[in-house]
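Everything on this sheet refers to the single structure shown next.
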Amino acid sequence: MSSTKHITQGGQVFSYMLGMFMQVNKRIANWLLLATLLILPLIFYLKVPTQEIRNGGLYWWLKLTAGGEKALYRVPPLYDVHFDDTVYHFTSAHILKDPYMVYAGDIVLQELWLSVVWTTVWVGVLALVIYGTLYRLGKRQANDDLVGGRALTEDVKAVAKQMRRQREASPITFDGLPLLLNSEVKNIVMHGTPGSGKSNAINKLLIQLRERGDMVVVFDKGCSLVKKHFQENHDKLLNPLDTRCENWDLWQECPTIPDFDTAANTLIPQSTKEDPFWTGSARTIFTAVGNKLRGDDKRSYNKLLRTLLAIDLKTLRAYVAETEASNLMEEKVEKTAISIRGVLTNYVKALRYLQGIERNGKPPFAIREWMKTVNEPKKRHGWLWITSNARQHESLKPLISMWLEQAANCLLEMGENPERRVWFIYDELASLHQLPGLKQALSEARKFGGCFVLGFQNKPQLDDIYGREKADSMMDLINSRLFFRSPDESVATWVRNQLGQQRAKFFSEQYSYGKEAVRDGVSFSKQQEDEYLVNYSDVQALPDLHCYVTLPGKYPVVKMAMRYTHLKAVAAEFTPRAVKESLDPEIDNELNAR
């Protein structure tokens, strides 16, 4: 029964469509016939003089009707032949043999055939125009009309051409797709599951930044970037477990108490789920001890750690007396002081790997001093690498987070200059502690020439670290976005929402048919609706190296396939430093005891 129904439906639709097609072609044929009847005489008249038309026509008339004339007339009639201003009277026999009349007849026949050819050409062109116009009309009618929102395209070249035509194409590109001119200072995000293509995109960007000579700060979790881009004689590296690490000086980095406060805010992060009293108190003690050690000629990381972690509470209480931390160490709140010290231990212990770093033969190094070199004119800047590998990362996370926070804060201290370019490549952002100043840096970096490139696997990671509202606020400060594959439904739905919607008048076609022909018909309509550019399953199904790119402004969302960039290793990803030789056993014992 189902097959019979399908055949009936198919036959009715086919019959109706065939009838409509024949009806349209019948009308077109009538138009073309009318055009032929107008064009053929016009061409013939324009090409042949009136005298030749009259005399040539007479010649062919007599030639075709000579037999009939003999049957009708006993005496051959005379015909008027016009030549210039004279009228001659000839019989048909004379006309058919007269050289001029034969010539006129040949001219008429020849030009008639040529006129037919030219008419055929013109009518053929007209037919193509008519069919082409009807095709475009039908196609436009069947297309959805975009009336608002965003568009989606896979034509990278067309978008790039449009941007160059508008003079809005940046010299920084991803496989032929340029960023919007100067939009790098409005920040970039790369979002996607591991292995989807984020690192490949970062490699493409780093190659261009090296060629430009821009200053770059790179956080490289896993050391996959450093081995392909690190230049030992030109770049700086911070990783206390790597022999190439600079002799980072905490006191040179933090010349004032507010600087110590800033460092403590990242070194000892505030969790979204913990009572802020404990972390706030731990920060206060760190700032007090660190600042007091500034005046000690024999200051060192070992001495800082012993003071914070190893000495007894009574000695520590005396050391921080007359500082803002003194009330936290009072004897009457000793249990509270012990708890605060426990929080302090969890994070400050990352500094123990800096013990002995001053013995590497390098001069003291501070991020703030290094970044000041960006103001030197026409200088080709080196890069600052902050690295860790999978085994080290959790141990170094507080220290790495503090360094990255310090780098971002230093940008805001360098004076406004929207023409300079200082890049901050923070891949795997969610593997760090919360960077308290990151939101401010994202919002103000444009005035200082800062360009933040943030990479993370999914938005819920940021929500967990920064809280949903703050994470949403940070995302709102990022204008250029590359979305790679996200397998989870909720994350893919979030990406779908970020790509946006289009408001369009969507075309619909409906058929009606019945036993009587009068019931056959088709109706067309367009209804305005809002529709997402992609389905969340499209985000889930993206192959490796494929992504959706959104640019600021009026440009469409671009779905593109990036090429894999193979780079040879130019440096070791990690060269281990003999840290054990520098560790203080007493400090380690205290840490192990807690």
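The values are calculated or read from the model by the stated rules, or taken from the named source; none is laboratory data. In this text, all values refer to a predicted model and were calculated from it rather than measured experimentally. Every residue, glycine as well, gets a Cβ built from its backbone with ideal geometry; the counts of neighbours run over all protein chains shown.
Gln231 passes all but one of (1) under 22 Å from the mean Cα position of the chain (by Cα); (2) in a loop (DSSP other than H, G, I, E, B); which number fails?
(1)
Can you find a residue in the stretch 348-358 that is closer than 30 Å to Leu316 by Cβ, of a type in the set (S, T, N, Q) and modelled with pLDDT under 95?
Yes - at least one qualifying residue is present in the stretch 348-358.
Give Val558, Val549, Val534 a once-over and let me know the one that is in a loop (DSSP other than H, G, I, E, B) and either within 26 Å of Asn200 (Cα to Cα) or at pLDDT below 95 (or both).
After ruling out the rest, the residue left standing is Val534.
Touching a helix residue (DSSP H, G or I) at 6+ places or on another chain (Cβ under 7 Å), assigned to a loop (DSSP other than H, G, I, E, B) and surrounded by 21 or more Cβ atoms within 10 Å (Cβ to Cβ), is that true of Leu435?
Yes.
Looking only at residues that are more than 18 Å from Ala264 (Cα to Cα) and of a type in the set (Asp, Glu) in the stretch 320-368, which one is surrounded by the most Cβ atoms within 10 Å (Cβ to Cβ)?
So the residue we want is Glu358.
What are the pairs with Cβ atoms under 6 angstrom where one residue, in the stretch 200-226, is free of Cβ contacts under 8 Å to residues at least 60 places away in the same chain and the other, located anywhere, is part of a strand (DSSP E or B) and not aromatic (Phe, Trp, Tyr)? Sequence gap at least six, or different chains.
Partner pairs satisfying both residue conditions: Gln208/Ile172.
Do we find a residue being over 30 Å from Met474 (Cβ atoms) and of a type outside the set (A, V, I, L, M, F, W, C) anywhere in the stretch 167-186?
yes
Quick one: what pairs do we get from the stretch 79-101, first residue part of a strand (DSSP E or B), second basic (Lys, Arg) and surrounded by fewer than 17 Cβ atoms within 10 Å (Cβ to Cβ), C-beta under 9 Å, 6+ apart or different chains?
That search, which allows pairs on different chains as well, returns Val81/Arg54; His82/Arg54.
Can you find a residue that is more than 30 Å from Ile587 (Cβ to Cβ), among the hydroxyl-bearing types (Ser, Thr, Tyr) and assigned to a helix (DSSP H, G or I) anywhere in the stretch 401-410?
So far as the stretch 401-410 goes, no, none of its residues is more than 30 Å from Ile587 (Cβ to Cβ), among the hydroxyl-bearing types (Ser, Thr, Tyr) and assigned to a helix (DSSP H, G or I).
When you scan the stretch 483-498, do you find a residue that is modelled with pLDDT under 95, among the small types (Gly, Ala, Ser) and not in a strand (DSSP E or B), even just one?
Looking through the stretch 483-498, none of the residues is modelled with pLDDT under 95, among the small types (Gly, Ala, Ser) and not in a strand (DSSP E or B).
Within the stretch 115-132, can one find any residue that is in a helix (DSSP H, G or I), closer than 30 Å to Gln502 by Cα and at pLDDT 80 or above?
yes
Which residue, of Thr266, Thr262, Thr315, Thr345, is more than 30 Å from Pro576 (Cβ to Cβ), of a type in the set (Ser, Thr, Tyr) and under 50 Å from the mean Cα position of the chain (by Cα)?
Thr262
Part of a loop (DSSP other than H, G, I, E, B) and within 23 Å of the chain's Cα centre (by Cα): does that describe Leu462?
Spelling it out, it is not the case that Leu462 is part of a loop (DSSP other than H, G, I, E, B) and within 23 Å of the chain's Cα centre (by Cα).
For the stretch 562-575, give me each residue that is touching a residue at least 24 places away in the same chain (Cβ under 8 Å) and farther than 14 Å from Gly192 by Cβ.
Arg563, Tyr564, Thr565, Leu567, Lys568, Ala569, Val570, Ala571, Ala572, Glu573, Phe574, Thr575
Exactly one condition in (1) buried (at least 22 other Cβ atoms within 10 Å of the Cβ); (2) within 30 Å of Phe365 (Cβ to Cβ) is not met by Gln270; state its number.
Only one criterion is unmet by Gln270, namely (1).
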